[in-house]
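Asker: Mind having a look at this structure? Questions to follow.
Values quoted throughout were computed directly from the atomic coordinates according to the rules given, and no laboratory measurement underlies them. Keep in mind that what you see is a predicted model, and the values were worked out from it rather than measured. Every residue, glycine as well, gets a Cβ built from its backbone with ideal geometry; the counts of neighbours run over all protein chains shown.
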């Protein structure tokens, strides 16, 4: 399990999250992503994005007042 802090990217974290999943997370491995929530649309968008990739969304929760955490299991071959 690996943890990645994407808060510094604001609402533009999707491409970086994809790069991480493709390059730094092994198939079947779990990754935790922390990102900043603006208007909460990024929460649903990130969940949809993970599912569109074929990965498994294990958890999505509010970390504190402005941050959100999603837990993703990378798809297995």
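Asker: With contacts defined as alpha carbon pairs under 8 Å and 6 or more residues apart, what's the relative contact order of the chain in percent?
Answerer: 35 percent
Asker: What length, rounded to one decimal in nm, is gained on full extension from residue 66 through to residue 26, with 0.36 nm per residue of separation minus their alpha-carbon distance?
Answerer: Taking 0.36 nm per residue and subtracting the Cα distance, the gain is 11.5 nm.
Asker: What is the spin-label model distance, in nm, from residue 45 to residue 8 if the labels are put 7 Å beyond Cα along the C-beta direction?
Answerer: 2.1 nm
Asker: Say R0 is 22 Å: what FRET efficiency, to the nearest 0.05, do residue 16 and residue 52 get from their beta-carbon distance?
Answerer: According to the calculation, E is roughly 0.85.
Asker: I'd like the orientation of helix 14-23 relative to the chain: the angle between its Cα long axis and the longest Cα principal axis, in ° from 0 to 90, rounded to 10.
Answerer: 30 degrees
Asker: Here's something else I'd like to know. For the chain, find the longest principal axis of its Cα atoms and tell me its angle to the long axis of helix 41-53, 0 to 90°, nearest 10.
Answerer: So the inclination is approximately 10 degrees.
Asker: Counting only helical runs of four or more DSSP H residues, what would the 222 nm mean residue ellipticity of the chain come to if each run contributes -39,500 (n - 2.57) and the total is spread over all its residues?
Answerer: It comes out at -9000 deg cm²/dmol, rounded to the nearest 500.
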